[in-house]
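In what follows, a structure is listed as structure tokens, so that the remarks can point back to it.
The values are calculated or read from the model by the stated rules, or taken from the named source; none is laboratory data. Quick caveat, the model's predicted, so the values are computed rather than measured. Virtual Cβ from ideal backbone geometry, glycine too; neighbours counted across all protein chains shown. All accessible areas refer to the heavy atoms of the entire protein, side chains included, with ligands and DNA or RNA removed. Shrake-Rupley method; radii C 1.70, N 1.55, O 1.52, S 1.80 Å.
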Amino acid sequence: MSYSTFNRKKFDSLQQPMFFGENVNVARYDQQKYPIFEKLIEKQLSFFWRPEEVDLSNDRKDFVKLEEHEQHIFLSNLKYQTLLDSVQGRSPNVALLPIVSLPELETWIETWSFSETIHSRSYTHIIRNIVNDPTKVFDDIIVNDEIAKRAVSVSKYYDDLIELVSLYNTMGLGVHHVPEHGDITVSMKALKKALYLTVASVNVLEAIRFYVSFACSFAFAERTLMEGNAKIIKLIARDEALHLNGTQHMLNLMTSGRDDPEMAVIAQECKQDVIDIFVEAAQQEKEWAQYLFKDGSMIGLNAQILGQYVEYITNVRMQTVGLEPYFSTKNNPIPWINAWLVSDNVQVAPQEAEISSYLVGQIDNDLDGADFDDFDL
Amino acid sequence: MVPTLTTSTSSQGHKEEAEVHRVLLGKKQILVTEDEPLLPQLERAGVLVEYQCREGYCSSCMIKLLWGKVSYPVEPLAWVHSGYLLTCCAIVKSDIEIALLG
Ligand code: FES
Ligand SMILES: [Fe+2]
Ligand SMILES: [Fe+2]
């Protein structure tokens, strides 16, 4: 069965499962199987923001004054987030749009992925405002071993699903020989399993993988450093919490069997795999914290505290998708982070849009802070 | 939505109208009203509860509801598993017992 951009069949979309039913034809929202996805679309649109609205001229001055190991922490986190949002800006679309069967879910996927492209653009906004040569930062992403390790983990389930679905769409069910990949069995069960694991791994990505980086950004801001960056990270964190809701719903609907009874069986069979995905991600995040702090810690944070935070947040996230907590950590070692993560008071002042421009190369590092006082809002 | 009554000391004579409920949490007992969600009331009582969005979509504030009744004035966007509640938007409607995630 090949994909059609406008399925000519007449069918009742309320009877379709979320995925692997009919290809969506009419983008209609007058009747919805799962209205939650339209609510997420509305919420996401209400969150809309533009990176350029956040002024970063003070961040540039702050960055220059950071110690070298602190610059390493800051830039490494931005590189890692750039990787994650590069993946997220395209993969939900590429992997899920060919197999989705509900209009409201299809549009949620596109809205979700679009918001990730704002995140990607915000990293460029930050990087070109704080360093003289952004190229160096971006070029390192693809060659940095620490980031490469994580790239494999965050893309492999997507890639497996995409490969299976493209075989399914061109060759149909059966065993197909793919040069360099060998014989690949395409069955509905294999497709659904690949889908379930993909959604689980994306859930984990958005549930855990950003949070070490978020903590560092907010720890700088606690010292009134890199505050423009912290403002952007707050906006990103707000979006990510919503994205997480989307995959939590998909997983819970699949696991319940309400959507597709076979999915409930697969969810049961894959339970250990999902636990493993959570634990692997937590482990990688703890190692990431050690890499960040290899040359020195920052005030209020070190690898051990961040490791505990990763375990804590992993426990919280596991329970929201119906799993038992894995780690013994019971308390949040950095409760102050919640005041930064909270969505209220994330306001981008309208005036800032006017004063913010790409000041790259235009800021004279000798300028006295007072020269900018007029711009402080 | 049930109309909320203020719970000043003067209402002590009409116990059936005063919408004060007991929240049991381990060995602790906290009195709460129906005037606002559980989360800020737990915070004022010195209980550290996880939160993030404080508007019902992120699930961070999910805790266990062992028994008792809560309601949501607006249906939260987050998935609420049975036996759990979202502290940021749940209004306590009876005496309840809760447990933090662990
Ligand atoms: S704090 Fe986000 S759902 Fe309650
Ligand atoms: Fe993102
Ligand atoms: Fe995301």
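Once segment B:34-89 is narrowed to residues that are of a type in the set (A, V, I, L, M, F, W, C), more than 12 Å from chain A (Cβ to nearest Cβ) and more than 22 Å from A:Phe37 (Cβ to Cβ), the residue that is surrounded by the most Cβ atoms within 10 Å (Cβ to Cβ) is B:Leu38.
Scan segment B:28-50 for residues that are among the charged types (D, E, K, R), outside any helix (DSSP H, G or I) and modelled with pLDDT of 95 or more and the total you get is 4. When A:Ile334, A:Ile313 are checked against the criterion of being more than 30 Å from A:Lys33 (Cβ to Cβ), open to solvent by less than 20 Å² (accessible area, probe 1.4 Å) and in a loop (DSSP other than H, G, I, E, B), a single residue qualifies: A:Ile334. Of all residues in segment A:216-229, those satisfying the criterion of being open to solvent by less than 10 Å² (accessible area, probe 1.4 Å), in a helix (DSSP H, G or I) and either more than 16 Å from ligand 2 (Cβ to nearest atom) or modelled with pLDDT under 95 (or both) are A:Cys216, A:Phe218, A:Ala219, A:Phe220, A:Ala221, A:Gly228.
Being surrounded by fewer than 24 Cβ atoms within 10 Å (Cβ to Cβ) and within 10 Å of chain B (Cβ to nearest Cβ) is true of A:Leu251. For segment A:166-186, the count of residues that are assigned to a helix (DSSP H, G or I) and crowded, with 22+ Cβ neighbours inside 10 Å is at least one. Among the residues of segment A:195-206, just one is within 12 Å of ligand 2 (Cβ to nearest atom) and in contact with a Leu (Cβ under 6 Å, 6 or more places away or on another chain), namely A:Glu206.
Residue-by-condition table, conditions (1) within 16 Å of ligand 2 (Cβ to nearest atom); (2) more than 12 Å from the chain's Cα centre (by Cα); (3) more than 14 Å from every other protein chain (Cβ to nearest Cβ); (4) buried (at least 24 other Cβ atoms within 10 Å of the Cβ):
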| site | (1), (2), (3), (4) |
| --- | --- |
| A:Asp85 | yes, no, yes, no |
| A:Pro92 | yes, no, yes, yes |
| A:Leu97 | no, yes, yes, no |
| A:Glu106 | no, yes, yes, no |
| A:Ser113 | yes, no, yes, no |
| A:Glu116 | yes, no, yes, yes |
| A:Ser120 | yes, no, yes, no |
| A:His125 | yes, yes, yes, no |
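Looking only at residues that are open to solvent by less than 40 Å² (accessible area, probe 1.4 Å) and in a loop (DSSP other than H, G, I, E, B) in segment A:288-303, which one is nearest to A:Arg209 (Cα to Cα)? The selected residue is A:Phe293. If you go through segment A:1-53 and keep only what is among the charged types (D, E, K, R), within 14 Å of chain B (Cβ to nearest Cβ) and surrounded by fewer than 16 Cβ atoms within 10 Å (Cβ to Cβ), you end up with just A:Glu42.
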